Each structure stands twice: as C-alpha cells, then as structure tokens.
Amino acid sequence: MSPLRSVGARLSLALLVVVATALAIVYAGLVPILERNLVDSKIDQLVPLGENLAARVPNSQTEWQIFVENSAPTVNARVMIVNPLLLDATEPTVLPLADSQSTSSLQIDDPIAVRAAATGRTQSGRLERGGKPYAEAAIPLAQDTVLVLRAPLEDTLSNVELVRRRLLLAGAVALLLSLALGYGAAYLFARRLRRLERAADRIASGRFDEPIVDRGRDEVGQLAAAFDRMRERLAGLERARREFIANASHELRTPIFALGGFLELLDDEEVDEATRQEFLSTAREQVARLTKLATDLLDLSRLDAGRVQLDREKLDLGAVARSICREFEAVARAKGHSLETVLDGSADAVGDEQRTIQIGRILVENALLHTPRGTIVRIRAGRENGRAVLEVADQGPGIPEPQQAHVFDRFYRVDGGVTTGSGLGLAIAKELAELMGGAIELESGPGSTVFRLTLPPAA
Ligand SMILES: Nc1ncnc2c1ncn2[C@@H]1O[C@H](COP(=O)(O)OP(=O)(O)O)[C@@H](O)[C@H]1O
Ligand SMILES: [Mg+2]
C-alpha cells in the first residue's frame with residue numbers, strides 16, 4: 001500500500017489542513033484588525049489634544065514659534081502651524097509658519113491639512129513621511145491656517161509586528177504538534193486495523209484457536225468483538241464438522257467390516273446350510289442398517305445445505321397416525337408390542353405430509369425399539385393450545401433427565417440402551433419439525449416416555 005493511501009497519512013493530512021486553515025483565518029483576520037485599532041486609537045488621542053491647543057494659539061503670529069515649541073512636549077507630538085492652501089503644483093513645498101521641530105518643508109501631499117483648511121473642520125488620519133508612518137490631526141485656525149499635530153506610529157506598528165511574528169511562531173509550533181499528534185494517533189489506529197486484518201487472514205486459513213483481542217471501546221473495538229464472535233462460531237462449526245465426519249465414518253465402518261467378515265466365512269466350503277442361512281440373514285440386516293444410515297446421512301446433508309423442499313399443505317394428523325399404525329402393525333406384533341391409535345377430534349395441521357409421516361416413523365420406531373416386550377405404544381392425534389399435535393407415548397424405561405437435552409443431537413445415543421441405531425433419527429425429526437414451523441417436545445420418566453410433535457394448525 002502506498003504510504004499516502006494509508007488511513008494514518010490521510011488522517012494526519014486532514015488534521016494538518018484543518019489546523020493550517022484555522023491558523024490562516026486567525027492570522028489574516030486578527031493582525032489587520034489589531035493594527036487598525038491601535039492606529040485609530042492613536043489618531044483619536046491626537047484630535048482632542050489638538051483642539052485643546054488650537055483654542056490657546058496666540059493671536060500674534062510672532063508668538064507662534066515659541067507656542068509650538070512649548071506645546072510639543074505636552075502633547076508628545078510634532079506641532080506645526082501651516083497654511084496648506086499656499087501649496088499647489090507649481091509650489092510643491094512651503095515652510096510652515098511655525099514648527100516645533102527644526103524647520104523643514106511641508107510637502108504638497110499633506111491631504112489631511114489641506115482638507116482641514118478647505119472644509120474648516122478638524123481632520124485626522126494616517127500618512128507616510130520619508131517612509132515612516134505617522135498619525136496626524138489637523139485643526140483649522142483663522143485665515144486658512146491649520147494647526148497640525150503629527151505623532152510617529154513606528155512604536156505602535158512595531159508592536160503589531162511583534163504580535164504578528166509571535167503568531168507565526170505559535171502557528172508553526174501548532175502545525176508541527178498537530179502533525180505529530182495526528183500521525184501518532186493515526187499510527188495507533190492503523191496498527192489496530194492491521195491486527196484485525198491479520199486475524200481475518202488467520203481465520204481465512206482455518207486457524208480459529210487464537211482469540212481476537214482489542215481493548216478499545218470504539219468502533220474498531222466493536223468490530224474486533226464481532227470478529228471474535230465470528231471466530232468462535234466458525235470454530236464451533238468446524239468442530240461439529242470434524243466430529244460429524246468422524247462419527248459418520250465410524251458408523252459406516254462397523255457394518256462394512258461385519259459384511260466383509262461374513263463374505264469370507266461364506267467363501268469357506270465347509271459351512272453347513274443352516275449356518276450359511278444365518279450368515280445371510282445377518283448380512284441382510286447389516287445391509288439394511290447401511291442403507292438406513294446412508295439415507296439418514298443424505299437427509300442430514302440436504303438439511304444442512306437447505307435443500308429440503310417442504311410442502312405447506314393441509315394435512316390430517318389423524319390420518320397420519322392411522323397410516324403409521326398400519327405400517328408398523330406387523331413389526332409391533334413381532335416384537336410383542338401392542339400399537340394403539342387415539343384420535344382426539346380434529347387434528348388438521350399445515351405442513352408436508354410425507355415429512356410428517358417420516359417424523360412419526362422415527363418416533364414410533366424408537367418407541368418399539370427402546371422399550372421391553374409386552375408394553376403398549378400409543379399414537380395420539382389431536383389439538384392442544386391451538387396447535388395440532390401428534391404424540392407417541394410408550395411405557396419403556398424412559399430417558400434419564402441429564403440425557404434428555406442431548407437425544408436430539410446428531411449421533412447421540414443414550415448409554416446402556418439398544419445400540420443398533422446410529423443416533424440420527426431424532427436429530428432429523430427435530431430439524432424437519434422446525435422447518436415446518438413446528439417443534440418436538442419430550443417428557444420422560446421411568447415407565448413413560450412421550451414425544452410430542454406440534455405443528456401449526458390449519459385455519
Ligand atoms: N422412546 C424412547 N425410549 C427410550 N429411549 C429413547 C426413546 N427414543 C429415543 N431414545 C434414546 O435416544 C437416542 C437417540 O434416538 P435416535 O436419534 O432415534 O437414535 P437411534 O434410535 O438411531 O439410536 C436413542 O439411542 C435412545 O437411547
Ligand atoms: Mg431411532
């Protein structure tokens with residue numbers, strides 16, 4: 001990344017521009033105002049002093065020189081009495097009639113004195129003489145003469161100059177400071193962002209172990225926290241994926257090994273017919289187990305990929321219960337169970353009929369498998385709390401309380417139970433139910449286990 005593209009460089013540049021603009025505004029606005037105010041106040045001081053003096057100018061012209069020489073120190077300015085109307089283009093300089101300083105000529109362009117004589121009113125202003133600035137007040141006297149007070153502005157202006165230089169210096173320091181500060185802050189900021197970038201790369205390459213820490217409470221801190229939540233979630237998913245693959249391969253391997261063993265035994269010439277038949281029947285069981293496992297795994301992978309298409313049609317849970325009952329009648333009888341159907345009024349639901357039957361099969365299969373001979377399995381359809389319900393109840397040993405939360409996990413089997421299943425049935429049933437906007441609840445204790453599927457009711 002080019003250095004000028006970095007957030008740090010951009011931030012410090014922006015800060016620099018802001019500070020420089022602020023300084024320029026202060027400088028360009030403040031210094032001229034200060035100068036004007038100081039000069040104006042100097043001029044304003046001269047006017048009353050001059051008017052005071054004008055009232056005391058002696059009548060006799062011969063006393064004027066002494067008068068101006070005596071007055072000059074009291075007003076702290078050069079005092080002159082001139083007749084500016086004597087000046088014209090042909091006569092650019094004339095001597096003042098009286099002058100507190102060693103006599104010099106009055107130049108033609110003293111517009112203040114000329115204005116005073118012409119208008120007959122006091123005039124004041126600023127003017128340059130010999131390259132130096134002066135404040136001047138001109139008070140008209142009798143007969144076109146004018147009393148002029150002229151005070152140098154050099155001291156005042158040098159003060160302004162001092163302020164100007166100080167301001168420039170302070171400005172330069174402020175600029176440097178803002179640059180350093182801006183760059184420093186931006187550097188820290190950019191470093192945190194780079195840390196996040198590295199963390200994201202780490203996650204992208206599949207390493208979820210290292211937590212992402214950023215102690216800041218600002219947006220970057222929040223981003224880091226969000227990243228860390230993502231990392232934990234991905235780590236969990238990755239763990240589940242590995243576990244799933246390990247479990248699935250283990251489940252597949254067991255029946256395949258068994259089948260391999262039977263095939264070798266059947267190859268043996270000396271096996272008698274009865275044993276051969278027994279082997280064949282066990283091998284068929286293993287093939288059935290493998291087929292069921294493959295179907296379950298396929299279902300789960302479709303569920304994971306979100307590729308299970310579900311109908312939203314009106315279906316009668318009573319009919320579902322009857323159909324499952326018919327389907328399992330023979331199996332139940334063979335296992336010594338009695339299978340009953342109870343219909344509690346209308347049980348119209350909205351959902352996918354085939355998938356609902358699939359859930360019912362999973363529940364009934366479990367109830368027949370995990371309970372002792374001679375017990376009753378009851379399928380009930382009805383309506384409860386405004387929901388359509390399909391319930392499968394058995395009289396088996398039940399599922400211990402601590403395990404109840406796990407029976408819906410993939411590959412989970414309760415220890416000590418029948419171990420022919422793969423532990424996928426309830427996981428599939430639960431996901432299907434939730435996809436249809438329903439749920440499966442479990443109530444179990446010794447002698448009674450009830451799995452209850454609830455679905456949205458039909459209007
Ligand atoms: N009706 C039931 N009575 C007792 N235990 C049950 C019942 N239904 C399920 N279980 C327990 O829950 C576990 C998970 O069930 P399931 O997901 O269908 O897997 P599988 O039946 O293939 O083992 C079973 O292994 C069994 O231990
Ligand atoms: Mg099962």
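Evaluated with a Cβ-only charge set (Lys, Arg +1; Asp, Glu -1), region 304-438 carries a dipole of roughly 280 debye about its Cα centre, given to the nearest 20. For the chain, the longest principal axis of the C-alpha atoms and the axis of helix 353-369 are separated by about 60°. Once the Cα atoms are used to define both axes, helix 317-334 deviates from the longest principal axis of the chain by about 40 degrees. The lysine pair count for the chain, using Cα distances under 26 Å and pairs eight or more places apart or on different chains, is 4. Among the protein heavy atoms, those of Met230 account for about 90 Å² of accessible surface (1.4 Å probe, every chain in place).
Using unit Cβ charges (K, R positive; D, E negative) and no other charged atoms, how large, in debye to the nearest 20, is the dipole of the chain about its Cα centre?
Here the size comes out at about 800 debye.
Note on the chain: helix-only mean residue ellipticity at 222 nm, from DSSP H runs of 4+ residues weighted -39500 (n - 2.57) and normalised by residue number, equals -19500 deg cm²/dmol.
Which listed residue (Asn59, Pro372, Val82) has the Cα farthest towards the positive end of the charge dipole for the chain, taking +1 on Lys and Arg C-beta and -1 on Asp and Glu C-beta about the Cα centre? After comparing all options, I get Asn59.
Glu340 sits among other residues whose Cβ lies under 9 Å from its own Cβ, and their net charge, with Lys and Arg +1 and Asp and Glu -1, is +2. Classify region 210-363 as rounded, prolate or oblate from the Cα gyration tensor: take a ≥ b ≥ c as the square roots of its eigenvalues, call it rounded if a/c is under 1.5, otherwise prolate when a/b beats b/c and oblate if not. Verdict is oblate for region 210-363.
Ligands, DNA and RNA left out, the accessible area of the chain computed with a 1.4 Å probe is 56% carbon and sulfur. Asp296 contributes about 20 Å² of solvent-accessible surface, heavy atoms of the protein only, 1.4 Å probe. Out of every Cα-Cα pair that the chain contains, those further apart than 29 angstrom amount to 72 percent.
Tilt of helix 7-55 relative to the longest C-alpha principal axis of the chain, in degrees (0 to 90, nearest 10)? Its long axis makes an angle of about 20 degrees. Compared with the alpha-carbon gap, the fully stretched path from Glu219 to Leu188 is longer by 9.8 nm at 0.36 nm per residue. Taking trypsin sites (Lys or Arg not before Pro) in DSSP loop conformation with at most 14 other Cβ atoms inside 10 Å as exposed sites, the chain has its longest uninterrupted site-free stretch at 218-306.
Projecting the Cα atoms of Thr122, Gly184, Ser205 onto the charge dipole of region 112-233 (Cβ charges, centred on the Cα centre) puts Ser205 farthest toward the positive pole.
Between rounded, prolate and oblate, where does region 294-410 land on the alpha carbon gyration tensor, with a ≥ b ≥ c its root eigenvalues, rounded for a/c under 1.5, else prolate if a/b exceeds b/c?
oblate
The values are calculated or read from the model by the stated rules, or taken from the named source; none is laboratory data. From a predicted model like this one, the values you see are computed outputs, not experimental measurements. Here Cβ is always computed from backbone atoms with ideal geometry, including for glycine, and neighbour counts include all displayed protein chains. Just so you know, the surface numbers come from the protein's heavy atoms only, side chains and all, with ligands and any DNA or RNA stripped out. Shrake-Rupley method; radii C 1.70, N 1.55, O 1.52, S 1.80 Å.
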